[in-house]
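J.: Got a structure here, written out as structure tokens. Questions coming.
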Amino acid sequence: MSCNNCEHDSEKNCLEIVPIFSSLTFEEMLEVAYITTAKNYEKGEFIYSQGDIGNKLYVIHKGRVKISRISSNGKEQVIRVVGPGEFLGELTLFSAMPLTENAEVMEKTNLCLIEGVKLKELMGKYPTITFKVMEVLSQRLETAENLIEDINLHSVETRLAQGLLKMKDSNNEVILNMTKGDLASQLGMSQETLSRKLSLFEDQGLIEQIGNKRIVLRDIDELEEILH
């Protein structure tokens, strides 16, 4: 199966790795593939910007994309970073309002672009797609609400400890998939504040910074204690 020029990856194309389409049959998937085209983006390119009128669902096949907003004073707030199997631009499926976010490519990325009007027709035909999209939107809304709560109610140290614990792998290490500036924005603080607090945590023996992308968590118990 192909989706109009989409590349294959381990016998899965960009549609098959997306959870919202996972319940479709082969024939149903072909219908989605028929309204899908592929496009490559280079690092630093914008897929869309605040104010654009969107009419597509963008599915990430390969690569990573940063979703952010720019405030009235020019400050960037990173909302999330999305990767293979995830999608963006979904709000334009339900509203004719201009896009409120920027989507910037963080590395060479291959997207599958699905025509919004035709996708909505298929969503009426296959309600499971609609339910899956609403499920993802609900999860993203909860994440956004938690971010607002964290920024308003929790200290910088608490937000940093919480962020590190969420991102750690099975080896208690954090391998950053974004710049520290983007991480700072996502945690609701300035890059200077993030640098200071990371250095403080390191001085306290809680973490060890190795290069710009790797952070080893040395004292999980103490980091968890900060949350309380």
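J.: Applying the selection to region 37-64, what residues are surrounded by fewer than 19 Cβ atoms within 10 Å (Cβ to Cβ) and more than 17 Å from the chain's Cα centre (by Cα)?
T.: Thr37, Ala38, Lys39, Asn40, Glu42, Gly51, Asp52, Ile53, Asn55
J.: Looking only at region 201-228, filter to residues that are open to solvent by 60 Å² or more (accessible area, probe 1.4 Å) and touching a helix residue (DSSP H, G or I) at 6+ places or on another chain (Cβ under 8 Å); which one of those is nearest to Arg80 (Cα to Cα)?
T.: By that ranking, first place goes to Asn212.
J.: Select from region 167-199 the residues that are part of a helix (DSSP H, G or I), in contact (Cβ under 8 Å) with a residue 24 or more places away in the chain and open to solvent by 20 Å² or more (accessible area, probe 1.4 Å) and list them in ascending order.
T.: Matches in region 167-199: Lys180, Gln186, Thr193, Lys197.
J.: Inspect all residues belonging to region 118-135 and state whether any of them is open to solvent by less than 30 Å² (accessible area, probe 1.4 Å), touching a residue at least 60 places away in the same chain (Cβ under 8 Å) and closer than 21 Å to Val81 by Cα.
T.: yes
Results for (1) aromatic (Phe, Trp, Tyr); (2) over 21 Å from Glu225 (Cα atoms); (3) over 20 Å from the mean Cα position of the chain (by Cα), shown as yes or no for each residue.
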residue: Thr158; (1), (2), (3): no, no, yes
residue: Gly181; (1), (2), (3): no, yes, no
residue: Gln186; (1), (2), (3): no, yes, no
residue: Glu192; (1), (2), (3): no, yes, yes
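J.: Still on this structure, please answer the following. Please note which strands (runs of 3 or more DSSP E) are completely contained in region 46-107 and include at least 2 residues that are of a type in the set (A, V, I, L, M) and farther than 23 Å from Leu119 by Cβ.
T.: 76-82
J.: For region 65-79, what are the residues that are of a type in the set (Gly, Ala, Ser) and open to solvent by 40 Å² or more (accessible area, probe 1.4 Å)?
T.: Selection gives Ser71, Ser72, Gly74.
J.: Considering every residue within region 145-166, establish whether at least one is surrounded by fewer than 12 Cβ atoms within 10 Å (Cβ to Cβ), among the polar types (S, T, N, Q), part of a helix (DSSP H, G or I) and modelled with pLDDT under 90.
T.: For region 145-166, residues surrounded by fewer than 12 Cβ atoms within 10 Å (Cβ to Cβ), among the polar types (S, T, N, Q), part of a helix (DSSP H, G or I) and modelled with pLDDT under 90: present.
J.: Specify the residue that is modelled with the lowest pLDDT; the eligible residues are those in region 41-91 that are out of contact with any strand residue (DSSP E or B) (no Cβ under 9 Å at 6 or more places or on another chain) and aliphatic (A, V, I, L, M).
T.: The qualifying residue modelled with the lowest pLDDT is Leu91.
The values are calculated or read from the model by the stated rules, or taken from the named source; none is laboratory data. Everything numeric in this text was worked out from a predicted model, so none of it was measured. Glycine also receives a Cβ, built like all others from the backbone with ideal geometry; neighbour counts cover every protein chain displayed. Calculation scope for accessible area: heavy atoms of the full protein, side chains included, ligands and nucleic acids excluded. Shrake-Rupley method; radii C 1.70, N 1.55, O 1.52, S 1.80 Å.
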